[in-house]
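*Asks:* First the structure, which I've put down as structure tokens, then a few questions once you've had a look.
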Amino acid sequence: MKTFGIISIILGAISAIGAISAGHNPSGPIFWIILGIVLIVRANAKKSANIEENKKGNQK
């Protein structure tokens, strides 16, 4: 999920720059940038939740 998020942000940013420079509506590329950010945040939250679970399991 994190890899697709990074790819989505990069392609969205490049598309947004192209859309803005050509005078087109950048709402489509902005959607991909936001989607990439959400995927990265969710992947990091899932990773930290797994680390916390492992810490609690090791303490018992």
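*Asks:* Could you please state how large a percent of the accessible area of the chain is carbon and sulfur, counting protein chains only and using a 1.4 Å probe?
*Replies:* 66 percent
*Asks:* Still on this model: So how far apart, in nm, are the two label points at Val38 and Leu11 if each is 7 Å from Cα heading toward Cβ?
*Replies:* Once both label points are built, they end up 1.7 nm from each other.
*Asks:* Evaluate Rg over Rh across the chain, taking Cα atoms for both radii and Kirkwood's formula for Rh.
*Replies:* 1.31
*Asks:* Moving on to the next point. Under 14 Å from the Cβ of Ser8, count the other residues' Cβ atoms, weight Lys and Arg +1, Asp and Glu -1, and hand me the total.
*Replies:* Surrounding charge for Ser8 is +2.
*Asks:* May I ask you to derive the relative contact order of the chain, considering only C-alpha pairs under 8 Å and at least 6 residues apart, and to give it as an integer percent?
*Replies:* 41 percent
*Asks:* How much area per residue is accessible in the chain when the probe is 1.4 Å and only protein heavy atoms are counted (Å²)?
*Replies:* Values: 4670 Å² over 60 residues.
Counting only protein heavy atoms, the per-residue value for the chain is 78 Å².
*Asks:* Quick one: angle between helix 2-22 and the longest Cα principal axis of the chain, in degrees between 0 and 90, rounded to 10, please.
*Replies:* That works out to roughly 20 degrees.
*Asks:* Just to confirm the number: angle between the C-alpha axis of helix 27-59 and the first principal axis of the chain, 0 to 90 degrees, nearest 10?
*Replies:* 10 degrees
*Asks:* Related question: Less than 12 Å Cβ to Cβ from Ala49, Lys/Arg counted +1 and Asp/Glu -1: what total charge do the surrounding residues give? Write down the numbers at each step before the final one.
*Replies:* Working: positive: Arg42, Lys46, Lys47, Lys55, Lys56; negative: Glu52, Glu53.
Its environment carries a net charge of +3.
The values are calculated or read from the model by the stated rules, or taken from the named source; none is laboratory data. Treat the numbers as computed from the prediction; the structure is a model and nothing was measured. All Cβ positions, even for glycine, are placed from backbone atoms using ideal geometry, and neighbour counts span all protein chains on display. In case anyone asks, the SASA skips ligands and DNA or RNA and just uses the protein heavy atoms, side chains included. Shrake-Rupley method; radii C 1.70, N 1.55, O 1.52, S 1.80 Å.
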